[in-house]
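One structure is given below, encoded as structure tokens.
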Amino acid sequence: MTTRPTDALLLIDLQPDFMPGGALAVAGGDEILPLINGLAARFEHVILTQDWHPEGHISFASSHAGQAPFGQIEVAYGPQTLWPDHCLQHSAGAAVHPALDVPHAELILRKGFRREIDSYSAFLENDHKTPTGLAGYLRERGLQRLFIAGLAYDYCVRFSAIDGKALGFETIVIEDATRAVGLPGSVDGTNEAFAGAGIPRVTAADVVA
Ligand code: VGL
Ligand code: ZN
């Protein structure tokens, strides 16, 4: 696949809290870092996201009496899955992972910083209305095609890809440079959503070939 100067690599939530030993560990989340470092070296434009929650965040099970992590509740904007406390602003678990070697990353986009709205997507918060500003950033800079990798495949990668595509960016997911949380139905649902939206799933080898 020939990459173009108008491509961007969007790396989602590569933070210690999503890696083994972290607060919301994704199995094998650390295994993808070498692959991602290699990919990033092939892209002129790299953008990172950082999940970045205040204490008492609406997505934390601990913020809701009687609720446990991985359950679901209804909030003002619809269903919200509940998580262990994770990616607290300025905590070590919320840092950009120290093994991520992308000195040329141009933007670190923080999301999920509003106590009352979660944000899986790098484009729109979980009310599916509040923009993060990323679409405007990409458009102003003439970046048209997105390659997406990172964590987690079935949450933040999923919703970032779906929203990016819906907002008019050509969008490709690098599947072997992701790992999934894997709640019931979440991976199948993601694969169906990508197929329905016309989002190809490729490998890192396809991208660098
Ligand atoms: C994520 C759950 C909660 C993710 C972030 O990065 O996929 N998942 N916060
Ligand atoms: Zn989060």
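The values are calculated or read from the model by the stated rules, or taken from the named source; none is laboratory data. No experiment lies behind these values; they were computed from the predicted model shown. Glycine also receives a Cβ, built like all others from the backbone with ideal geometry; neighbour counts cover every protein chain displayed. SASA here: full protein model, heavy atoms, side chains in, ligands and nucleic acids out. Shrake-Rupley method; radii C 1.70, N 1.55, O 1.52, S 1.80 Å.
When Rg and the Kirkwood radius Rh are both evaluated on Cα atoms of the chain, their ratio Rg/Rh stands at 0.94.
Using a probe of 1.4 angstrom and keeping all protein chains present, the accessible surface of the chain works out to 43 square angstrom per residue. Think of each Lys and Arg Cβ as +1 and each Asp and Glu Cβ as -1; about the Cα centre, that makes the dipole of the range 32-151 roughly 320 debye. Dipole magnitude for the chain: about 440 debye, using +1 per Lys or Arg Cβ and -1 per Asp or Glu Cβ, origin at the Cα centre. Measuring nothing but protein heavy atoms, the accessible surface of the range 7-208 at 1.4 Å probe radius is 53 percent carbon and sulfur.
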